[in-house]
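Here is the structure we will look at, set down as C-alpha cells.
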Amino acid sequence: MSAMTESVLPQHTIESPDRNQARDRTRRLVWKIAIATLLLMAVGSATRVMNAGLACPDWPLCYGQWVPSQQMNFQVFLEWFHRLDAALIGVSTIALMGLSWWDRRFLPKWLPWAATFALGLIVFQGVLGGLTVTELLRFDIVTAHLGTALLFFSTLLIIGTALMPYKGTGAVGRLPWMGLTAAILVYLQSLLGGLVASRWALHQCFGASQLCTVMNSHIAGVVPATLVTLTLVIWAWRTPALHPLLRQLANLAGGLVILQIILGVATFWLHLQVEPLTVSHQAVGAALLGDLIVFTVLALRDRTTGLAVEKVGGDN
C-alpha cells in the first residue's frame, strides 16, 4: 500500500515534511546567529567607546590565556566577551553551512552557497579582528571590521527572511526598490559613522581639526538616508492593499530613523560623554539597516507574487 501511495503521490508531496523541517531548522539557526551578531556589534561599540579595544594586548588569546582571570577588569571583560561572542558566531556559521549542504535536497538551491558566502565573511571578519589588535586600532581596518559585520548581518537577514512563510498581496509597486535604496544609504551612512568613530573625528572636530570634513560628511549623509526612509514610510501608508507585515516594518523604519537622529544629536551635543548613548546610536543604526533589509526582501517576494498572478491572469 505504501509503495502504491509513493508511486501515485507527487515527489514534492512526499518530501514536504522533510522540506519544511529543514527550512524551519535552518531558519531558526539563522535568526539566532543574526541576534548574536547584533549583540556582537553593540558590544564592539561599547569596547571602542570604553577604550577597551586594546585591553587584550595579544590575539587570539588574551594575556596568553583563554580566560584572563587575574587581569580581568571591566575593559578586559568587554574585549574578551567580544571575542567570545565572535567565536560562538563563527562556530554557529560553520554549523549553518554544514547543515545547509547536508539538507540541500530539501532547501532552495541558492541556500548552501549563501551560507558558504556567510562563512567566508565571518572568516574575513576574524582576520580583520586580529588585525585591529596587531595594527593598534588602525582606522581603515576598524572601519572595514564594522562594514564586514554589517554585511554579514545583512546576509543572515536575507537568508532568514527568504525562508519565512509569507504570502504577499502583490500590491507593492516601487516599494522594493525604495527599500533597497534606503538600505544602501543607511549602510553607507553606517560606514561613515564607523570612520568618524575609528578616527575620533568628532573629538578632533571640537578642536577645529581637518577631520571636521569626515564628521560633516557623516552629518550630511543623514539627509538622503532619512528622506528615502521617510518616503518609504509615507508610500507604505498610501498603499491600502499592502501586506500588514510590510506596513509594520515600514512604520518601524520610520520610528528607528527618528530615534537614530535624536541619539545622534544628543551624542554630538554631549560631546560623547555619555557612553550608552554612543552605543545605542550604533545599535539603532544596525537595527534600522536590518529592518530595511527584511522589508526589501519581503517586498521583492511580494512583487514576484504579484507578477505571477498577473501572468496567470493574462494566460487565462
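Restricting things to Cα coordinates, could you compute the convex hull volume per residue of region 19-165 in Å³?
With only Cα atoms used, region 19-165 gives 99 Å³ per residue.
Per-residue SASA remark: MET164, around 40 Å² accessible (1.4 Å probe; ligands, DNA and RNA not included).
If you take all other residues with their beta carbon under 12 Å from the beta carbon of ASN51, and give Lys and Arg +1 and Asp and Glu -1, the sum is -1.
Efficiency by 1/(1 + (r/R0)^6): what FRET value for MET50 and ILE94, r their Cβ-Cβ distance, R0 = 22 Å, to the nearest 0.05?
My answer for the efficiency is 0.15.
To put it simply, the accessible area of the chain at a 1.4 Å probe is 69 percent carbon and sulfur. Dividing the convex hull volume of the alpha-carbon atoms in the chain by its residue count gives 152 Å³ per residue.
Please tell me the relative contact order of the chain in percent, rounded to the nearest whole number, where contacts are Cα pairs under 8 Å and at least six residues apart.
Details: 349 pairs, mean separation 69.9, N = 316.
For the chain, the relative contact order is 22 percent.
Probing with 1.4 Å while keeping every protein chain in the model, the per residue accessible area of region 171-308 equals 47 Å². About its Cα centre, the chain has a charge dipole of approximately 520 debye under the convention of +1 per Lys or Arg Cβ and -1 per Asp or Glu Cβ, with nothing else charged.
Where does the charge balance sit around LEU61 when Lys and Arg score +1, Asp and Glu -1, over other residues with C-beta under 12 Å from its C-beta? Don't skip to the end; give the middle numbers.
Values: positive: ARG83; negative: ASP58, GLU79.
Value of the local net charge: -1.
A 1.4 Å probe run over region 19-165, with the rest of the protein chains in place, finds 50 Å² accessible per residue. Annotation: for a label point projected 7 angstrom from Cα along Cα→Cβ of PHE117, residues of region 157-201 with backbone N closer than 13 Å are 157-160, 162. Dividing the helix sum by the residues of the chain, where each DSSP H run of 4 or more adds -39500 (n - 2.57), gives a mean residue ellipticity at 222 nm of -27500 deg cm²/dmol.
Sum up the charges of everything whose Cβ sits under 14 Å from the Cβ of ALA34, counting Lys and Arg as +1 and Asp and Glu as -1, but leave ALA34 out. Can you show the working numbers first?
On the way: positive: ARG27, ARG28, LYS32; negative: ASP85, ASP291.
Net of charged neighbours comes to +1.
Placing unit charges on C-beta atoms (Lys and Arg positive, Asp and Glu negative, everything else neutral), compute the dipole magnitude of region 76-158 about its Cα centre in debye, rounded to 20. Numbers along the way, then the final one.
Details: 5 positive and 5 negative charges, 75 e Å.
Its charge dipole is roughly 360 debye.
When only alpha carbons are used to place a centre, region 20-37 and region 138-181 end up 16 Å from one another. Over the C-alpha atoms of region 10-98, the Rg to Rh ratio, Rh being the Kirkwood estimate, stands at 1.23.
Could you pull out the trypsin sites (Lys or Arg not before Pro) across region 77-165 that fall in loop regions by DSSP (anything but H, G, I, E, B) with no more than 14 other Cβ atoms inside 10 Å? Write down the numbers at each step before the final one.
Details: sites: ARG83, ARG104, ARG105, LYS109, ARG138; in loops: LYS109, ARG138.
Filter output for region 77-165: LYS109, ARG138.
Of the DSSP H helices in the chain, those with a Cα length along their own long axis of 18 Å or more and a mean Kyte-Doolittle hydropathy reaching 0.0 comprise 74-102, 110-134, 139-162, 175-198, 212-237, 244-269, 275-315.
The values are calculated or read from the model by the stated rules, or taken from the named source; none is laboratory data. All of these numbers come straight from a predicted model, not from anything done at the bench. Cβ coordinates were reconstructed from backbone atoms using ideal geometry, including for glycine residues, and neighbour counts include every protein chain displayed. When the accessible area is computed, the model is the full protein with side chains, heavy atoms only, and any ligands, DNA or RNA have been set aside. Shrake-Rupley method; radii C 1.70, N 1.55, O 1.52, S 1.80 Å.
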